[in-house]
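Written below as structure tokens is the structure these notes are about.
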């Protein structure tokens, strides 16, 4: 029997994660015994238009981080195109602080397959790919077994579940690049090329994999689809707040007593998530800051955390819901060190395609390392903010923004920590300031 | 007519073709949008982010290099935000770029330098250590200084898209990502140096040019490459009487940005230490240096003596000498010595083609046609090896216009990568293969046929008949080997033809001897060889013949000479040459090599010494005579004078072509060989691929 990564919380609304913890939850029999493939059959009955309409009604938004309305994305895929259509699952879960897709693939892979099948019906596609991040090597083996079982039991292939619907699923492993979570870089990588982002337009919906119409979504997005079809878009939308349908698998990490992945409805109060769902901060220490949705989001100060966790509320607070990777930082956290760690990650992951991201992240990493060591002047702190702003919005893809946004927010909100570091080193006679 | 849209750029209403790129539209209006990665004709990258502009209703700055213009678009290219963006982008670029401009080859013609001057910050705010990697040598001609590289990917694209070699790629990622040869540490490629030429900074440098000079210390002389028949324009960089580099600096001429390894690096024969720099006279069996006057007098006396006693004189002319020299030489032979024993190494059957086309003026393709034609057919030639510019043109035509190429060759060639149909044809069976393409070809709207020396004599007539029977407009290119192979036959360097393809009978002469006949004629009294090396693989039957040689190098034929005139190369003279497509272009004198004279001067001085008047021997005066006298050569002077190419159109009234198939044979030079010139170019003989191989395109290997 498998052990869950974390004990579930009674405060959760378990929809996508409802099979987590069941014995053999990843097996087809378990899936079938708990309502599996009912949504698929229903989807075949109601047909593409109705499927897309339900997904639209559900107010489901992309769970990868950008939060684009899923129903709208599906409606962009031309169904009567001369080229084949592809369904692609983005399982390149790489945003620091995010660890939900692996659970969905490990504990309920059939839910994902069913979501792909329904998407296949919606855009008249016969082929799907699951692009799994290179570091999730063990999941590839696991998914291979699942796909094999699905084929041998007739739930993939020429005649899915005896319905005459044809659908094939292929697995593809990444090679360990954050950039390949960007949908177009993922497509290049999938096609066997160097993983660098493509120019948009054309968008993948029109010209994606092998220049064919492509429906590309996150694991969690696809996993939500069977529930939407089975219970109706209205029901799913009702779980969350207006325009923010459903639940999210929130990955709470950092300074909390019970870190883990919790399924919470959209619009859930952030402080309640930290203090009740995740058991609060160890040692009763005070909250200092929160990264709300993966390391690319602007950091929130403790005082800014009294808000509802949905796309729009977080946008209003100047941050993002992102990928659901919530990192809690208590009063002991060194924010300069945090900024450095974040920049080190993006510098390492920058694909190098465009100048501002390639050079900007490298420069900023060097500067932050220097400031972290207490070497520098107040003007250097300004320069960190300025260089980040020079990257922001000017890079080829969003990776540059992802590196810039948290840095800008940390410099703005925690400038005193940078200054203190410079002062203390100067006071110790280690360096001269000014 | 393409649909037009109206947009606003910097407050002005502009009409432009719908879908045109903003950067191009701005350029046409005189508004510069700076860019490194954008390069006209190559794939779009949007990587350097220099071209960001403000577009109304778009929240972020937009790259002008990938933005198609649309109706009602409002664009600003000159705002504080954009200035600031350009500044910051250059600041990022310079972070790891070494500021070694004072020793960098590119200094003075560096795009990064220019942009920094125009748009950049005055001072650097980067205090950290720069990322450094040692310089690498990828081939004898290509060096890579990685820290200078700004990763604009132009080199990768020109190699892959432009040349079709794909020798460069990108390795690693992020700040350490780097351009690298696909063979890891070295290049196995065409060694064309296009990557060096296209590099906006000093990252890719030329093994021949590096650390030699600053660009402003050279004279830049635009002339025509003296190697193959394609006639690329090349700008020689000359300093202190030495050629230091060649590139087509202003991208003018029929080749635009293109040059192959020979054009770019094969100029060093000019300054070879083995150049003949003094006339030589055989004295007591040995060649001894003598004065010009002594050598000229000796030859003139000999010729006059032989002429008076009715002896036999033969001339073997060159594929490299100018039209003026060729014209003057045949005048010297025919008018001066009443001899029709004049020939040159013929490398393609132009004569039969001109005859078969029977006076049609629109059936000879230009180099530009190869880029514009909807379809083309290549027969029996490895274009990428033998006709590099023509290959580049066909490839560019396919890349930009999806033109359709058909290939009939005895082995794999690079065009097969993009050809719609490629057929294998054993030598002699080419036309059968061509016949099997009839259905496909007759469906094309138009066609250019390029054929090598395997198609000659009657086969040329059958090919033209085939072209006629397709019922579509067809143009032809008869492929030739060398820089003025076409001009040699146009100027009548053949025993049966006067200049302009007139039969010799018009001049009241009998056809003379061919090269083979001259070499085999035991009673030959004088043989004058001009810029050719017939004795490399043949014997001169007339053991007592007096041999005069105009040469740059003491190659096999010169070793047999009684008198050697040290000749100037094409880079040391004025005049015109005619390329494979019949396009006349102007040579510009780039330098003077001590001791050598141009062949025109040599002919003129010998004639004067002999006491015969053949007219002035200045290139301009002779060209005027050619324009008057030679059919098809009444070309536009302004076009030629401004560095352009004017196609000569030889009209033909069905003259007997007197083609002897066995006399027409290509020398089968590859990209890395070029007859005698190639042997004396260390640059060419140093490349790893030397001497290259025909019909061995690597495309079959995985």
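Were the residues from residue B:442 through residue B:131 laid out at 0.36 nm apart, the gain over their Cα-Cα distance would be 106.1 nm. The translational diffusion coefficient of chain A, from Stokes-Einstein at 37 °C and 0.692 mPa s with a Kirkwood hydrodynamic radius over alpha carbon pairs, comes to 147 µm²/s. Taking the C-alpha atoms only, the angle from helix B:292-308 to the longest principal axis of chain B is near 50 degrees. Here the average projected area of the convex hull drawn through the C-alpha atoms of region A:151-249 stands at 8.9 nm². Averaged over the residues of peptide A:358-368, the number of Cβ atoms from other protein chains lying within 10 Å of each residue's Cβ is 6.
Largest first, the extents of the alpha carbon coordinates of region A:28-238 on the three principal axes equal 40, 35, 34 Å. Figure legend: label point modelled 7 angstrom from the Cα of residue A:6 along Cα→Cβ; residues of region A:234-260 with amide N under 16 Å from it are A:248-260. The length gained on full extension between residue A:14 and residue A:66, counted as 0.36 nm times the residue separation minus their Cα-Cα distance, comes to 16.4 nm.
Nearest 10 degrees, 0 to 90: what angle lies between the long axis of helix A:415-427 and the longest principal axis of chain A (Cα atoms)? Taking Cα atoms only, the helix is inclined about 40 degrees. The helix-based estimate of mean residue ellipticity at 222 nm for chain B, built from -39,500 (n - 2.57) per DSSP H run of four or more residues and divided by its residue count, is -7000 deg cm²/dmol to the nearest 500. In plain terms, the bigger the Kirkwood radius, the slower the diffusion; for region A:1-95, with that radius from Cα pairs, at 25 °C and 0.890 mPa s, Stokes-Einstein puts D at 149 µm²/s.
Here the alpha carbons of chain B define both size measures, Rg and Dmax, at 27.4, 92 Å.
At a threshold of 8 angstrom on Cα-Cα distance, excluding pairs fewer than six apart, so keeping six or more, what relative contact order does chain B reach in percent?
Details: 1529 pairs, mean separation 105.3, N = 702.
Reported relative contact order: 15 percent.
Extending 7 Å from the Cα toward the beta-carbon at both residue B:99 and residue A:369 defines two label points whose distance is 2.2 nm. Annotation: the residues A:101, B:458, B:343, sorted from fewest to most other C-beta atoms within 10 Å of their own C-beta, follow the order B:458, B:343, A:101.
Enter the angle in degrees (range 0 to 90, nearest 10) between the Cα long axis of helix A:378-391 and the first principal axis of the Cα atoms of chain A, meaning the one along which they spread out most. It works out to around 20 degrees. Taking N as the residue count of region B:4-93, its C-alpha radius of gyration divided by 2.2 N^0.38 Å amounts to 1.01. With a Förster radius of 25 Å applied to the beta-carbon distance between residue B:402 and residue B:362, the computed FRET efficiency rounds to 0.55.
Here the gap between residue B:424 and residue B:28, fully extended at 0.36 nm per residue and compared with their Cα-Cα distance, gives a gain of 138.0 nm. Put a dot 7 Å past the Cα of residue A:126, heading toward its Cβ, do the same for residue A:50, and the two dots end up 2.5 nm apart. Calculate I(q)/I(0) for region A:1-51 by the Debye formula, one identical point scatterer on each C-alpha and no solvent, and give its log10 at q = 0.15, 0.21, 0.24 Å⁻¹ to two decimals. With one equal scatterer per Cα and no solvent, log10 I(q)/I(0) is -0.57, -0.84, -0.94. For region B:252-343, the ratio of Cα radius of gyration to the globular rule of thumb 2.2 N^0.38 Å stands at 1.49.
In this simple spin-label approximation, residue B:57 and residue B:634 carry label points 7 Å from Cα along the Cα→Cβ vector, and these lie 5.9 nm apart. Each principal axis of the Cα atoms in the protein assembly as shown has its own extent, and those three values, largest first, are 123, 78, 57 angstrom.
Read-outs: derived from the displayed coordinates by stated rules, not from any lab. Note that the structure is predicted; figures quoted are calculated from it, not measured. Reconstructed Cβ throughout: ideal geometry from the backbone, glycine too, with neighbour counts over all protein chains shown.
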